[in-house]
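All remarks here apply to the structure that follows.
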Amino acid sequence: MFKKLVIYTAFLLTYMYLNAQEIKWEPVAPGIWKGTVGRPENYNLLTASAAKPYLEGLNKLGDAVFPMPQREVVAQLRDGKTYLRFPLKQKEQLYGFGLNFQTVHQRGKILELHADHFGGKDNGRTHAPTPFYVSSEGYGVFINSARYLKIFAGSAVRRDSENAPVAKDRNTDKTWSSRPYSDAVEVLVPAEGVEFYVFAGPTSLNAVSRYNLFNGGGPLPPRWGLGFTQRVKTLYTAADVEKETKAFEDKGFPLDYIGLEPGWQSKAYPCSFEWDKSRYPDPSGFVADMLKKGIRLNLWTNPYVSPESPIFKAIKPFTGDHTVWLGAVPDLTMPEAQKILFGQLKKSQVDIGISGYKFDEVDGYDHYLWPDVTTFPSGHSAEQLRQTYGLLMQRYSMDMFHEKNQRTYGLVRGSNGGGTSFPYVIYNDYYNHEDFITALINSGFTGVLWTPEARASKTAEEWLRRMQSVVFSPMAMINAWSTGTKPWSYPEVEKQVKDMALLRMQMMPYWYSEFAKYHFQGIPPFRAMNLEAGFASGVEKELKTTNLEENPYVEALGKEVKDQYMAGEYLLVAPMFAGKPTRTVILPKGKWFDFYTGEFAGDGTVITVTPGLDRIPVYVKDGGIVPMGPALMHAPKSGDKIDLEIRYYGHKPGTYQLYDDDGETFNYEKGAFSFRDIKVERTKDGKLKTSISAAQKGKPNTLNKISFKAMTNL
Ligand code: GAL
C-alpha cells in the first residue's frame, strides 16, 4: 500500500513539474520579490498608473525572508493563458481581492476581478478590483495584470494536494462538507505570461505597507481635503451655491469645499467640459469669490465627450469605436487624447482656481459602458481600458495639479492596483450603511480610500448615524446631488450632527498626521481589525468555536469582523446603525479607553454598549495620543498657525509622530516637512511628563500654543 502511494505521488509530482513553467524570481525592493512567467504584457496596472516605489519608506521597513515556500508557487502556460498557484496553510485567512462590500474574509471565494459598480454581491465586480491579497500569515501577493482575472481563493482541492482532507461519505458522515479545505490560491490570467509580486511581513500590516509603498505610498491630501464637503443639487446656479455657503456660515457648520454636480456643464452625459453660462455666467469671478470666502470647488464630470464639446473634433481620432451615452470615449493611453481632454479641464477650470474633480462612471455598468468588443486606436483592448480607466483619469489629472504645485483631493468611482498614491476617494450609488463600513474596512487591504457618503435618510436617527460614520472616514461628505439635503436637514439631530462636524475639524491634526503615515510609511489610515496586533489572540476566548475540522480557517482567527475598524494609529471606531441602539464591540488585547471620557473600557474582550444618540463608540489604545486643534470653520491655510491640545489616554508611556508641512503644495516632496516627536508618560506620583521635539528650522511650522491633557484619571 505504502509503495503504491509513493509511486503514485512521484508520478503526480513529475506530471506537475513537467507542465510547470519556470518562474523567474527577482528581488525588487526590501521584502518584495517579482515573479515573471512567460511573456508578460507591456500594458499592466503598474504601467497604466506609472506607480513608482517609495524606496526610502521601503528601506525603513527593511529586509525580510521570502514569506512562503517558494517552490510551491507554481505556474503553467496553456491555451494562451497563465495558471498561477500560491500555497495556503490550513489556518490561514485571506483579505483583499479588491474593494468588497459585504465580506472581509475571502478564503474560499471564487471571484472574477472586473472593474464595475458594486452590484450587491462580492463577486469580484467592484469599483477597485485590485488583484492583491493579504494573508493572516503576514504576506501579500499582487498580480500585475490589466485583465479580468479569475481567482480561486482556496476553493478547490487538487488531486495532488500535499495535505488534502479525507474524502467523506455524505450518507453517513455528518461532518461532510460541500467545500472541503483547499490548500492553494489559484489565478487564471488570460494572457501568455504575467508578472506578480510577493510582499513579506512579518505582520499582515507590514505586507500591506510594503504594497502601498511599492505603489508610491498613500496620497497626502491638502489639509482642506480633510475638512467638510457638501455636494450641491445638480442644477444649482452660482447664486444658489453662494446662498448655500452663506447658510453654512450663518449656522456655524464647517465647510471646506463644495462639489458641483453635472449642472455646472453646458452638456452632461456625455459632457462638454465647459461651464453652463446660464447657471454660471462668470465662472472665474465665481470661483475667485468662493476662494475668497475660504471655499474651494470640486467639479463632477465623466470622461465621455459630447459631440457638442469644443474638444470633440480634435479628440475624435483618439477615441474608441463605441460610445458611452453617444459620447466619444478617449483612448487615455494615447498622449494626444490625454493632452486634449486634460488641456480642456486645465484651461476652462483648473487655471481659474478649481481645486479638484469627481470622476464619475469610470467603473462600469455593462449596459452603458463601452462593451468588450470596442476597439481603441492605440490597440489596447476594451478589457484593458475597462480595468484601468479610473487609474488613467486619476494619473493625468493628478499630473495637471502637480505641475501647478497644488495638491488636490477628489472623488473617483473606479480604481485598481497601482493607484495607491492618487489623491482620490472612491464612492458609489449603493447606499447600505453597514456595507459602507465593510467597504471602509476593505479599502485598507486594497490601497484605496473610500467614503461612506451621506445622501439622505428615512429618519433623523439614520441621518445622524450616517453622519457619525462619515466624519470618521477619509472624506467627510454629504452628496446632495439629487436630494438637496443639508447637514441640518433633520432638525431633531441638528445639534448632534454639528457636534460631529466640529469634532472632525478638531481632529484635523490627527487625521493629517495619519495620512502622512499612509504616505511615508504605507499604513492605511482606515483599516481592518485584522491588521491590529493583539486582535486575533485577544478575543479567542470570547468567541465560540464551531467545528474546526470542517472549516478550520474561518474560526481559527475569530469571526469575521465587518462593523468596526481602526482609524489612524490609536483609534478604534464602532459605528452605530439606525434602529440598533445597542451593539457589541471587540476590544483587542491591551487596555482600551473611551475616546470622549478617557475611562477604561476593556482589555481583550467583547463589550456591549448603548451609547445613546450623541456619540458613536470610539476607543483609544493604552498610551494613545490624539493631537486636537480648534473647531475651525475652514481648515488652516498655508501659513496659518493653530493651538494644539495633545490628548493622552491610559497609563502606558505614549509616543506620537505629529506631521507638519504647508498643507497645500508638493514642497514636502523636496523635504519641506517635519515629523515632531511627542512623548507622554506618567511619573510615579501620577503626574504627566510631556515633551514635543522643537520645530525644525527652515521647515513649515503651523503650531502656536501647545498644551497636554490627560484624559484618563488615575
Ligand atoms: C452618479 C454619481 C452620483 C451623482 C450623479 C449625478 O453617477 O454616482 O454621485 O454624481 O451621478 O448625476
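The values are calculated or read from the model by the stated rules, or taken from the named source; none is laboratory data. All values reported here derive from a predicted model rather than from experimental measurement. When we count neighbours, we look across all protein chains shown, and the Cβ atoms used for this are built from the backbone with ideal geometry, even at glycine. We work out accessible area using only protein heavy atoms, side chains counted, and drop any ligands, DNA or RNA first. Shrake-Rupley method; radii C 1.70, N 1.55, O 1.52, S 1.80 Å.
What to note about this one:
- Three-way shape label, the stretch 23-122, alpha-carbon gyration tensor, a/c 1.5: rounded
- Across Lys591/Lys684; Lys486/Lys641; Lys243/Lys486; Lys233/Lys267, pairs whose alpha-carbon gap is larger than 21 Å: Lys486/Lys641
- From phi via Karplus (6.51, -1.76, 1.60), per-residue ³J(HN,Hα) for the stretch 31-47 in Hz, x at Gly/Pro: x, 9, 10, 9, x, 10, 10, x, 10, x, 6, 6, 8, 9, 5, 6, 6
- Spatially, the stretch 428-463 and the stretch 16-93 are offset by 33 Å when compared through their Cα centroids.
- Arg170 paired with Thr610, simple spin-label distance in nm, labels 7 Å along Cα-to-beta-carbon: 4.6
- Reachable lysines from Lys34, criterion Cα separation under 17 angstrom, eight or more residues apart if same chain: Lys24, Lys52
- Linear extension gain, Lys709 paired with Lys652, 0.36 nm per residue minus alpha-carbon span: 19.0 nm
- Taking 0.36 nm per residue of separation and subtracting the current Cα-Cα distance, fully stretching the chain between Lys687 and Lys89 would add 210.4 nm.
- Modelled label positions at Asp282 and Glu599, each set 7 Å beyond Cα in the direction of Cβ, lie 5.7 nm from each other.
- Beta bridges per DSSP with both ends in the chain, % antiparallel, nearest 5: 75
- Separation of alpha-carbon centers, the stretch 690-714 and the stretch 116-130, rounded to whole Å: 43
- Pairwise Lys count, the stretch 81-138 - Cα closer than 26 Å, eight or more residues apart or different chains: 5
- Take every Cα pair under 8 Å whose residues are at least 6 apart in sequence, average their separation, divide by the length of the chain, and the relative contact order is 13 percent.
- Solvent-accessible area per residue for the stretch 223-502 (1.4 angstrom probe, square angstrom): 31
- Ligands, DNA and RNA aside, Arg296 has an accessible area near 40 Å² when probed at 1.4 Å.
- Computed E for Lys404/Glu22 - FRET, C-beta separation, R0 45 angstrom, nearest 0.05: 0.45
- The stretch 242-349: C-alpha gyration tensor shape, a/c 1.5 cut-off, then a/b vs b/c: prolate
- Dipole of the stretch 223-502, positive direction: furthest Cα of His380, Ser397, His433, with charges on the beta-carbon: Ser397
- Around the amide H of His114, modelled in the peptide plane, lie the amide H atoms of Arg125, Thr126, all under 5 Å away and 5 or more residues distant in sequence or on another chain.
- Rounded to whole Hz, the Karplus (6.51, -1.76, 1.60) HN-Hα couplings of the stretch 63-79, x for glycine and proline: 6, 7, 7, 4, x, 8, x, 4, 5, 8, 8, 10, 10, 9, 10, 8, 6
- Assuming charge only on the beta carbon of Lys and Arg (+1) and of Asp and Glu (-1), the dipole of the chain about its Cα centre is about 960 debye to the nearest 20.
- Antiparallel content of DSSP bridges confined to the stretch 223-502, in %, to 5: 20
- For the chain, a/c is not less than 1.5, where a ≥ b ≥ c are the root eigenvalues of the C-alpha gyration tensor, and a/b does not top b/c. That puts it in the oblate class.
- Sulfur and carbon atoms: percent of accessible area, the stretch 353-472 [1.4 Å]: 48
- The simple spin-label model puts a point 7 Å past each Cα toward its Cβ; for Glu560 and Ala156 those points are separated by 2.2 nm.
- Heavy-atom accessible area, probed at 1.4 angstrom with all protein chains present, ranks His367, His105, His634 as His367, His634, His105, highest first.
- Dipole-positive endmost among Pro202, Ala156, Pro310 within the chain (Cβ charges, Cα centre): Pro202
- Positive-end residue of Ala337, Ile295, Leu369, charge dipole of the stretch 287-393 with Cβ unit charges: Ile295
- Under Karplus coefficients 6.51, -1.76 and 1.60, residue-wise ³J(HN,Hα) of the stretch 210-227 in Hz, glycine/proline x: 4, 4, 5, 5, 4, 8, x, x, x, x, 9, x, x, 4, 4, x, 8, x
- Taking the stretch 255-350 and dividing mean pair separation by its residue count, relative contact order in percent (alpha carbons under 8 Å, at least six apart): 28
- Carbon/sulfur fraction of accessible area - the stretch 50-125, other protein chains in place, 1.4 Å, %: 50
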